[in-house]
Amino acid sequence: MEHHVIIEKLCSCAKRDGLSQIVTFETKERAKNAAETQLSFMENSFCGKHTFDITEVDDHYVIGMLGGCGCGSHEKH
């Protein structure tokens, strides 16, 4: 079974860094580790206008943006 790490909405920082919206892994453990690593990268390398979290959905990991930042690169929440 494949497990995915999905960035729910690509903000301008994610687009600038060329991040893929969906990355696939063979094991759930690898997907979870990749999601945690990606979240840390996003929190430490992006502009700081966004906050993110990880939600497990059907054995996949979704990195979501919390709250709107007003940057115009996504729908306002």
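The values are calculated or read from the model by the stated rules, or taken from the named source; none is laboratory data. As the structure is a prediction and not an experimental result, all values here were calculated from the model. Counting neighbours? That spans all protein chains shown, and the Cβs are built from the backbone with ideal geometry, glycine included.
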### Message
Considering only residues that are among the β-branched types (Val, Ile, Thr) and at pLDDT below 95, which ones fall in the range 24-77?
### Response
Thr51
### Message
Can you pull out every residue in the range 15-33 that is farther than 13 Å from Thr55 by Cα and either crowded, with 16+ Cβ neighbours inside 10 Å or among the β-branched types (Val, Ile, Thr) (or both)?
### Response
Leu19, Ile22, Val23, Thr24, Phe25, Thr27
